[in-house]
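Report on the following structure.
The values are calculated or read from the model by the stated rules, or taken from the named source; none is laboratory data. Remember, predicted model here, so these are calculated numbers, not experimental data. For neighbour counting, all protein chains shown are included, and Cβ atoms are generated from backbone atoms with ideal geometry for every residue, glycine included. What goes into the accessible areas is simple: the full protein's heavy atoms, side chains included, and nothing from ligands, DNA or RNA. Shrake-Rupley method; radii C 1.70, N 1.55, O 1.52, S 1.80 Å.
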Amino acid sequence: MIRKFDKEEFHSICDRLFRIDSDLHSIFLKYGYPPFWSRRPNFETLIHIIIEQQVSLASAKAALDKLKKRIGKVTAKKILTLSDSEFKECYFSRQKTVYARELAQAVVSKKIILSELKDLPDERIRVRLTAVKGIGNWTVDVFLLMSLHRSNIFPIGDLALIQSLKKVKRLPAQTSREKILKLGKKWEPYRSIATMLFWHSYLEEKKRG
């Protein structure tokens, strides 16, 4: 079953989560509702998420802006025309240069048809995308949550989410992945929205700290 959420129901889903989890409600009382983060379900977004792997959001944005300045609209065909040194000038590491090319090649060869993904269940999308070198579960989770607005995504590999969750829930630093996944069951089928609340708390604290 494909479960999605949209902007119109976003606040009412947040309210539902507040009723079942007072810690999530405490985020709202402190910082209000989270923004409705949304990205287009296209090639550029996947490139952006690849750039975001293990770097700050600001660094990734700077790299994407530099890339767009160089090639204009970010398409698979244009990515394949770039040399190693041109990628480097756009702040791409050697590894991310490989990943960007692998994704571009998959799109050009129609191994991945992005327009088809929106109609597939989460796990089918995961299988298709992770078949491309450089796309792991975290990248797929962010794409499913922010671009396709799937409602029950819980990106356990996201450091900001885990850090915020442990702080809000007052959990020890060494809390196991299993315990965190078990905690997440409470928010089903809206773990994506719970994730957005934790991200909101993380970013607001960073901003104010």
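Is it fair to say Leu114 is under 15 Å from Thr45 (Cα atoms), surrounded by 13 or more Cβ atoms within 10 Å (Cβ to Cβ) and out of contact with any Cys (no Cβ under 6 Å at 6 or more places or on another chain)?
Criteria met by Leu114.
For the subset of the stretch 159-209 comprising residues that are more than 16 Å from the chain's Cα centre (by Cα) and β-branched (Val, Ile, Thr), which member is nearest to Phe36 (Cα to Cα)?
Val168
What do you reckon, is Lys4 among the basic types (Lys, Arg), touching a residue at least 12 places away in the same chain (Cβ under 8 Å) and touching a His at 6+ places or on another chain (Cβ under 7 Å)?
So Lys4 passes the test.
For the stretch 41-90, please list each of the helices (runs of 4 or more DSSP H) lying entirely inside it that holds at least 2 residues being modelled with pLDDT of 95 or more and under 20 Å from the mean Cα position of the chain (by Cα).
The helices (runs of 4 or more DSSP H) meeting that bar are 43-52, 57-71.
Give the residue, chosen from Arg3, Arg19, that is closer than 30 Å to Arg170 by Cβ, open to solvent by 70 Å² or more (accessible area, probe 1.4 Å) and touching a strand residue (DSSP E or B) at 6+ places or on another chain (Cβ under 7 Å).
Arg3
Restricting attention to helices (runs of 4 or more DSSP H) lying wholly within the stretch 142-209, give those where 1 or more residues are of a type in the set (Ser, Thr, Tyr).
In the stretch 142-209, the matching helices (runs of 4 or more DSSP H) lie at 159-168, 191-208.
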